[in-house]
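The values are calculated or read from the model by the stated rules, or taken from the named source; none is laboratory data. Every value quoted in this text rests on a predicted model; they were computed, and no experiment measured them. Using ideal geometry, Cβ is built from the backbone for each residue, glycine included, and neighbour counts are taken over all protein chains shown. The protein model used for the area step is the full one, side chains on, heavy atoms only, and it has no ligands, DNA or RNA in it. Shrake-Rupley method; radii C 1.70, N 1.55, O 1.52, S 1.80 Å.
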Amino acid sequence: VQLQASGGGLVQAGGSLRLSCVASASGRTFSGYDMDWYRQAPGKQRELVASISRSSSTNYSDAVKGRFTISRDNAKNTVNLQMNNLKPEDTAGYYCKAVRLGVGFYWGQGTLVTVSS
């Protein structure tokens, strides 16, 4: 599975961005994967931001709950992360991850989000 993330950029605090991650599943069904968004700020460990299961149940870190929304479109092999009310501490590289039990996991290449104060 190959993952291509996009949508990052520079935004002022309080603004919004929408990240997308498109999967090329090579015959495997995208809907069979749980999908995650992680982020990694300079000098910090990568952290889980949001996840959406195969059944579209969602979970969020406390840092983004109420501001970020993860969604998936299985027809387009896409997972999205809508980010509202962005804060400077949201500045990081954002990475999507596809997980399938018994098969493995795959990382996308990341997209950079910079939030100015």
Please turn the phi angles of region 74-83 into ³J(HN,Hα) values with the Karplus equation 6.51 cos²θ - 1.76 cosθ + 1.60 (θ = phi - 60°), one per residue in order, whole Hz, x for glycine and proline. 5, 5, 10, 6, 10, 10, 10, 10, 8, 10
Tell me the Kirkwood radius of the chain: reciprocal of the mean inverse pair distance over distinct alpha-carbon atoms, in Å. 14.1 Å
Return one whole number: the accessible area per residue of the chain in Å², for a 1.4 Å probe. 52 Å²
Counting only backbone N atoms under 13 Å from a point 7 Å out along Cα-to-Cβ of Thr69, the residues of region 1-16 in range are none
Taking the chain as a Gaussian network, Cα atoms linked when under 10 Å apart, which of Lys97, Lys76, Lys87 shows the biggest mean-square fluctuation? Lys76
Scalar couplings 3J(HN,Hα) for region 38-48 by Karplus 6.51 cos²θ - 1.76 cosθ + 1.60 (θ = phi - 60°), nearest whole Hz, x for Gly and Pro, are 10, 9, 9, 8, x, x, 10, 6, 5, 10, 6
For a label point 7 angstrom out from the Cα of Val103 toward its Cβ, which stretches of region 53-74 have the backbone nitrogen within less than 11 Å? none
Could you look at the chain and say what percent of its accessible area is carbon and sulfur, using a 1.4 Å probe and all protein chains? 46 percent
What net charge is computed for the residues neighbouring Tyr95, neighbours being all others with C-beta under 9 Å from the C-beta of Tyr95, Lys and Arg scored +1, Asp and Glu -1? +2
Separation in nanometres of the label points that stand 7 Å from Cα toward Cβ, at Asp62 and Ala13: 2.1 nm
Quick one: compute the contact order of the chain, relative version, from alpha carbon pairs under 8 angstrom and 6+ residues apart, as a percent. 36 percent
Using the Karplus curve 6.51 cos²θ - 1.76 cosθ + 1.60 with θ = phi - 60°, work out ³J(HN,Hα) for each residue of region 5-16 in order, rounded to whole Hz, and write x for Gly and Pro. 9, 8, x, x, x, 9, 9, 7, 4, x, x, 10
